[in-house]
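Notes to accompany the following structure.
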Amino acid sequence: MGGWYVGGGWKFYLRVGERWFLLRLMRLNLNKGVTGRLALFGAFAIFSGEWGICAEVVNVYSHRHYEVDQKVNALFTEKTGIEVKVVNADADQLIERLKAEGANSPADVLVTVDAGRMQRAKGEGLLQAVDSAVLKESTPEGLGDEEGFWFPYTLRARVILVAKDRVKEGEIANYEDLADVKWRGRLLIRSSSSSYNQSLLASVIAANGEEAAEKWAKGVVGNFARPPQGGDRDQIKAVAAGLADVCVSNTYYLGLLLGSPDPAERKAGESVRVIFPNAGGRGTHCNVSAAGVTKHAKHVEAAKAYLEFLVSPEVQRLLALGSHEHPIGMDLTVNPLHGKWGEFKVDRETFGKMGEKQGEAVRIFDEVGWK
Ligand SMILES: [Fe+2]
């Protein structure tokens with residue numbers, strides 16, 4: 001990467017083949033006390049192993065692992081000339097890495113799929129507040145960070161799915177019902193190591209208290225049709241195969257099955273019905289994909305532009321169709337599946353407590369033997 005410091009001046013973008021380069025008309029400090037003015041300037045630097053002109057970049061530490069993200073990042077580069085460099089890992093690992101790297105971290109943006117993790121990253125002092133009218137406006141009431149340390153950009157509902165042919169309408173309505181002995185040997189849900197389940201239990205703790213939450217988790221474990229294994233899609237497939245009648249999954253995994261090129265996966269998706277739990281009460285537990293600018297970001301403006309890009313209508317559309325996540329503004333018209341599943345009430349009551357209750361959730365999981 002080139003070693004030129006840019007303190008101000010004009011910017012020019014130059015496209016060479018598939019790549020964008022940034023040129024800057026700038027002031028160059030030649031020596032102490034001597035300032036020279038330079039005209040149009042191209043910094044030749046070693047960049048990506050080639051000699052080229054110094055390009056702007058935003059470094060993203062991301063937990064997300066979806067194909068559509070590459071499309072989104074390529075589109076950002078096409079529109080802004082800013083290259084997106086991604087480091088993929090589990091959110092907990094990324095948080096540890098940010099802590100270890102401190103001020104030397106190359107990361108500009110942290111992306112996770114869990115509000116609880118973002119709340120923790122903020123609490124650990126790993127993020128900085130961003131002042132953006134665009135991001136403020138795109139954040140639904142109660143589903144972001146009031147101080148602007150991170151912003152949600154997709155919504156992910158964690159729902160109950162039932163076998164259409166074996167569970168009647170109205171037989172199950174709430175998360176609390178999952179602990180009912182009626183479902184003994186008929187229930188599937190993935191392991192407690194998943195942040196999706198940690199946040200789900202955190203929300204149950206926030207809603208019903210620790211004691212009730214532990215009782216609930218014990219009841220759920222007692223109803224397992226098999227020890228937890230695989231991801232959300234595997235639970236749906238197992239219900240389709242008759243191994244259980246009820247499972248818990250994020251809606252977008254059902255979308256991915258229904259949109260799969262594999263007919264067997266589509267058939268599995270067709271065999272279940274979506275129930276948005278707690279519709280008559282606090283609402284359905286939802287998590288978010290969220291992004292924040294890191295405390296020690298070296299490319300703050302590029303990072304802010306990247307966050308604003310994620311909530312743009314174009315990207316919201318790409319994500320709704322590509323990964324089947326709900327757009328953050330809950331527009332149900334983009335993806336026909338969202339329209340079909342219909343409107344639902346989002347649990348905003350417990351959303352802000354996910355981070356603080358996650359530790360307790362992990363303790364309860366251990367206590368009740370939820371593997
Ligand atoms: Fe996921």
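The values are calculated or read from the model by the stated rules, or taken from the named source; none is laboratory data. Because the structure is predicted, anything quoted here is derived from the model rather than measured. We place every Cβ from the backbone using ideal geometry, glycine too, and count neighbours over all the protein chains shown.
Structure data summary
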{"item": "Condition met for residue 278 (in a strand (DSSP E or B) and within 22 Å of residue 342 (Cβ to Cβ))", "result": "no"}
{"item": "Residue match in the stretch 117-129 (condition: under 22 Å from residue 90 (Cβ atoms), in contact with a strand residue (DSSP E or B) (Cβ under 9 Å, 6 or more places away or on another chain), in a loop (DSSP other than H, G, I, E, B) and touching a residue at least 40 places away in the same chain (Cβ under 8 Å))", "result": "yes"}
{"item": "Filtered residues of the stretch 228-265 (kept if among the hydrophobic types (A, V, I, L, M, F, W, C) and free of Cβ contacts under 8 Å to residues at least 40 places away in the same chain)", "result": "241, 257, 264"}
{"item": "Test: residue 290 is in a helix (DSSP H, G or I) and either buried (at least 21 other Cβ atoms within 10 Å of the Cβ) or hydrophobic (A, V, I, L, M, F, W, C) (or both)", "result": "no"}
{"item": "Meets criteria (more than 16 Å from residue 278 (Cα to Cα) and surrounded by 16 or more Cβ atoms within 10 Å (Cβ to Cβ)) for residue 192", "result": "yes"}
{"item": "Test for residue 205: is it β-branched (Val, Ile, Thr), within 16 Å of the ligand (Cβ to nearest atom) and more than 15 Å from residue 370 (Cα to Cα)", "result": "no"}
{"item": "Any hit, the stretch 168-178, residues being among the polar types (S, T, N, Q), in a helix (DSSP H, G or I) and at negative phi", "result": "no"}
{"item": "Complete set of residues in the stretch 214-256 that are surrounded by fewer than 22 Cβ atoms within 10 Å (Cβ to Cβ), among the aliphatic types (A, V, I, L, M) and under 25 Å from the mean Cα position of the chain (by Cα)", "result": "256"}
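Yes/no matrix, rows are residues, columns are (1) more than 22 Å from residue 286 (Cα to Cα); (2) within 16 Å of the ligand (Cβ to nearest atom); (3) not assigned by TED's automatic domain parsing to the domain that holds residue 192:
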{"site": "212", "(1), (2), (3)": "no, no, no"}
{"site": "223", "(1), (2), (3)": "yes, no, no"}
{"site": "226", "(1), (2), (3)": "yes, no, no"}
{"site": "248", "(1), (2), (3)": "no, yes, no"}
